[in-house]
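Written out below as structure tokens is the structure these notes cover.
The values are calculated or read from the model by the stated rules, or taken from the named source; none is laboratory data. Predicted, not measured: the structure shown is a model, and the values here were computed from it. Cβ placement follows ideal geometry from the backbone for every residue including glycine, while neighbour counts extend to all protein chains displayed.
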Amino acid sequence: MPHPSEQFESQPHAQLGKFQVLLESGTFREVRRLLNGLRPVEIARLIESSPPPSRSLLWELIDKDVSGEVLEELSYDIQSHFLKRLNTKELVRLTEGLESDDVVDILQQLPEAIIQEVLLAMTDQDRSRVETILSYSEDTAGGLTNTDTITVRPRFSLDVVLRYLRRHSDLPPSTDSLIVVNRKDEYLGLLPLSRLLTSAPNVTVREVMVTDTDPIRCDMSDIEVAKLFEQHDWISAPVVDEQGKLLGRITIDDVVDVIRDQADHSLMSMAGLDEDEDTFATAVKTTPRRAIWLGVNLITAILASSVINIFEGTIEKVVALAVLMPIVASMGGVAGSQTLTVVIRGMALGHIGPSNLSWLLSRELRVGIFNGLLWALIVGLVVAWWFNDLQLAMILGAAMVINLITASLAGALVPIFLRAMKVDPALAGGVTLTTVTDVVGFFAFLGLATYFYA
């Protein structure tokens, strides 16, 4: 008989449907049996995929010894929902056994008074570890650090290190190297497990340790940390404080979370939404979040409409202009979005800087000209045939060339300008670009039409 987790992985939506049927029928004992046969990450995905009324029931049916691991896997909004319902004693029990960085992630969502109560209820060792990480911002290397590490001194032989390791029941997750420090806990290098296992047991740590890997400073941003892990294919990396003393280590699982959060942020920001947006959030919670961005969009739409209103008389005389206006705006919007997406991605990867910006702008200018001329010719021929008006076709073609060039340059410059203004390009870039392409497109098309038809 397949394990419940195997069933869940092969048919996640069918399994979700089964849980919903069991919950509705009131067979909670069967739900508890199936639920606790899954891994914590699978339970978390099941909770996130369930409507709010079912989530509370599922949470109550989880075994208490795995509830902390499940909570750790949940998104921010859902975590906050469950954390508000727990008292200090329950919070302490829930965080037992979790890695220090995961405990900090949970505590950072609580009021300061509750955090202090939870810390006071912890053991001295756990409290010291958690307080160390809490002093750093969550988007820095210090905030990602896990203090559960194994350190060794350089003077010991490998045989002594191996005997020391055998005293542990298990090693911290994602341990690929031991960290070498001196008596002052200052970082010296790494002892990869591969070297530990394949080198002669009588040699010292100093003879085989790796010293060409620099530690990560605690104040480095989490984005920069992710880039280092990507470039060097690290599984874990040591972190040091401002004095060069070992703080702990960052492991690949936390870096994956950073990368995923950044991807979610980029995707959701395009629509003006929070990356922690709950798929099944209630209408009361969802409506205000979306209403704000709709209001911003309305303001930009009014600005574009005001440009059209300037040429109201021309539109009344040449009705075909009203039919063709959306073509100019749409083509400019798509062209600009293509450039905007490429540039925002390049900025996120660290590819774009002052040294290559001029080349990028030159490339986008050429692309805008080439595409503008190509589609101006095609659309011009269609309009000449459609309305039997060669002058109108030439006006539309000229407006399209102008707007596609503008869109390409704006798509490259807008995110750079927003970044300089400390505004997230992923959040405001799309609306700003759309406003530029609409205003320029309408003004060019209707302005040229007014000039020639007047």
Quick check on segment 386-400: of everything there that is assigned to a helix (DSSP H, G or I) and either surrounded by 20 or more Cβ atoms within 10 Å (Cβ to Cβ) or on the phi > 0 side of the Ramachandran plot (or both), which residue is nearest to the chain's Cα centre (by Cα)?
400
Just the residues that are of a type in the set (Gly, Ala, Ser) and within 24 Å of residue 347 (Cβ to Cβ), please, taken from segment 395-454.
407, 408, 410, 411, 412, 420, 426, 428, 429, 430
Just give me the residues in segment 236-251 being surrounded by 16 or more Cβ atoms within 10 Å (Cβ to Cβ) and outside any strand (DSSP E or B), in sequence order.
241
Hits in segment 389-416 (condition: modelled with pLDDT under 90 and more than 22 Å from residue 369 (Cβ to Cβ)):
389
Where a residue in segment 300-328 is in the same structural domain as residue 446 (by TED's automatic domain parsing) and farther than 15 Å from residue 450 by Cβ and its partner, wherever it lies, is surrounded by 12 or more Cβ atoms within 10 Å (Cβ to Cβ) and β-branched (Val, Ile, Thr), with Cβ under 6 Å and at least six apart
300/431; 300/435; 304/439
Of all residues being within 30 Å of residue 205 (Cβ to Cβ) and crowded, with 17+ Cβ neighbours inside 10 Å in segment 113-139, which is farthest from the chain's Cα centre (by Cα)? Just the residue, please.
126
Out of all the residues in segment 370-385, is one or more at pLDDT 90 or above, under 14 Å from residue 337 (Cβ atoms), surrounded by fewer than 21 Cβ atoms within 10 Å (Cβ to Cβ) and polar (S, T, N, Q)?
yes
Can you tell me which of 417, 387, 442 is within 20 Å of residue 301 (Cα to Cα), in the same structural domain as residue 299 (by TED's automatic domain parsing) and among the aromatic types (Phe, Trp, Tyr)?
442
Among the residues of segment 316-357, how many are of a type in the set (A, V, I, L, M, F, W, C), over 25 Å from residue 424 (Cα atoms) and surrounded by fewer than 18 Cβ atoms within 10 Å (Cβ to Cβ)?
4
Answer residue from segment 141-175, given it is loosely packed, with under 15 Cβ neighbours inside 10 Å and in a loop (DSSP other than H, G, I, E, B) and is farthest from the chain's Cα centre (by Cα) among those
155
Residues being surrounded by fewer than 23 Cβ atoms within 10 Å (Cβ to Cβ) and part of a helix (DSSP H, G or I) - total across segment 413-425:
6
